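As structure tokens, the structure follows; a few thoughts come after it.
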Amino acid sequence: MNIDLHSHSLCSDGTLRPADLVARAVDKGVDALALTDHDTVSGIEEAAAAARAQGLQLVPGVEISVTWSKRVLHVVGLWVDPTAAALCDGLRWQSETRATRAQGIGERLQAQGVRDAYERAKEMAAGGNVTRTHFARLIVIDGLADNEGQAFDKYLSQGKSAWVRSQWASLEQALAWIHGAGGRAVIAHPSRYKMTHAMMRELLKEFREAGGDGLEVVVSGLDRNQIRHWGELSKRFELCASRGSDFHNPDFPWIELGRLPPLPPDLAPVWHQLL
Ligand code: AMP
Ligand code: MN
Ligand code: MN
Ligand code: MN
């Protein structure tokens, strides 16, 4: 089975409608897909309906921004009930934090020559959560950077001129929302955090002790050694292993739905008895 447990739609910073994302997953040979938009479950209903019609297993998910030890982490919730009250309340709070931050980023970018930055980012998000990716696209459209990566490097990454610090959910809150909604909690793309080994071990220990379930071991862009490294860490901290492309849009052909190495066979898959 081709299982991809991390993807985005235009309900956050993806570009495809949830139904079109599902159609693309089917086309790419994916059997089970998790929709994990940033801090929202608003696309799940549409994705689930499309998945039923097309014979794909849709895993209802969410990617929650977390503040841990003054850093930002992403925790993916899988098999969450998108109607669970505590999860919905928590995500509403996160979305408000996003809206406030977006105004701050907009002001900073406006001062640097991106006209109507906040209004245009909000319009681009089309009712979904506003993310830094939307601002990155604007920066490129206005010619202040050649591509989105450069827009992050120059303006949007931590410490850069349009960076705004926010207080996201705590690890404990994110776990409570996910588990309260019947889901499993997974630390997303661990290699993307600028952390020492010691810090990463501390995070995994704390996450496990707080009831966390899994670690994303197979992620787009990792080589065989990196996958082995994260697999060993998942075993050491008694976490299940997950596999996710983190697909956002069809414009970057090096990240595609379901196009990832398989999970190493000695790991405990997070989907055990669920798929
Ligand atoms: P946000 O949650 O609004 O802070 O935005 C985070 C999103 O920005 C991530 O999920 C990525 O999709 C995107 N992102 C973060 N850093 C980069 C980068 N260096 N280059 C391109 N996209 C990035
Ligand atoms: Mn994203
Ligand atoms: Mn992420
Ligand atoms: Mn993601």
Residue identified as within 19 Å of the chain's Cα centre (by Cα), under 22 Å from L263 (Cβ atoms) and within 16 Å of ligand 4 (Cβ to nearest atom) among A174, A169, A185: A185
Any residue in region 244-267 that is at pLDDT 95 or above, over 18 Å from the mean Cα position of the chain (by Cα), away from ligand 3 (no atom under 16 Å from the Cβ) and under 17 Å from G77 (Cβ atoms)? no
Qualifying residue in region 27-38 (condition: in a helix (DSSP H, G or I) and farther than 20 Å from V218 by Cα): yes
Is it fair to say A34 is open to solvent by less than 10 Å² (accessible area, probe 1.4 Å), within 16 Å of ligand 3 (Cβ to nearest atom) and not basic (K, R)? yes
Please specify each residue of region 102-160 satisfying the condition of being among the hydroxyl-bearing types (S, T, Y), farther than 19 Å from V72 by Cβ and open to solvent by less than 10 Å² (accessible area, probe 1.4 Å). none
Of all residues in region 12-31, which are open to solvent by less than 20 Å² (accessible area, probe 1.4 Å) and either more than 12 Å from ligand 4 (Cβ to nearest atom) or modelled with pLDDT under 95 (or both)? P18, L21, V22, A25, V30
Considering only region 139-165, state which residues are closer than 15 Å to G104 by Cβ, touching a helix residue (DSSP H, G or I) at 6+ places or on another chain (Cβ under 8 Å) and more than 8 Å from ligand 1 (Cβ to nearest atom). Y155, K160, S161, A162, W163, V164
For the list (1) more than 22 Å from V76 (Cα to Cα); (2) surrounded by fewer than 17 Cβ atoms within 10 Å (Cβ to Cβ), I need the number of the one condition that T196 fails. (1)
Taking region 251-269 and keeping only residues that are part of a loop (DSSP other than H, G, I, E, B), of a type outside the set (F, W, Y) and surrounded by 11 or more Cβ atoms within 10 Å (Cβ to Cβ), one is left with I255, E256, L257, G258, R259, L260, P261, P262, L263, P264, L267, A268
Restricting attention to region 177-188, report how many residues are touching a Ser or Thr at 6+ places or on another chain (Cβ under 9 Å) and open to solvent by 30 Å² or more (accessible area, probe 1.4 Å). 1
Note: among V72, V59, just one is touching a residue at least 24 places away in the same chain (Cβ under 8 Å), of a type in the set (V, I, T) and open to solvent by 20 Å² or more (accessible area, probe 1.4 Å), namely V72
Identify all residues within region 177-203 that are in a helix (DSSP H, G or I) and farther than 14 Å from D81 by Cβ; write none if there are none. P190, S191, R192, H197, A198, M199, M200, R201, E202, L203
Just to be sure I understand, how many residues within region 43-70 are away from ligand 4 (no atom under 16 Å from the Cβ) and either at pLDDT 95 or above or closer than 16 Å to G183 by Cβ (or both)? 16
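The values are calculated or read from the model by the stated rules, or taken from the named source; none is laboratory data. Keep in mind that what you see is a predicted model, and the values were worked out from it rather than measured. Note: ideal-geometry Cβ built from the backbone for every residue, glycine included; neighbour counts use all protein chains shown. Side chains included, ligands, DNA and RNA excluded: accessible areas come from the protein's heavy atoms. Shrake-Rupley method; radii C 1.70, N 1.55, O 1.52, S 1.80 Å.
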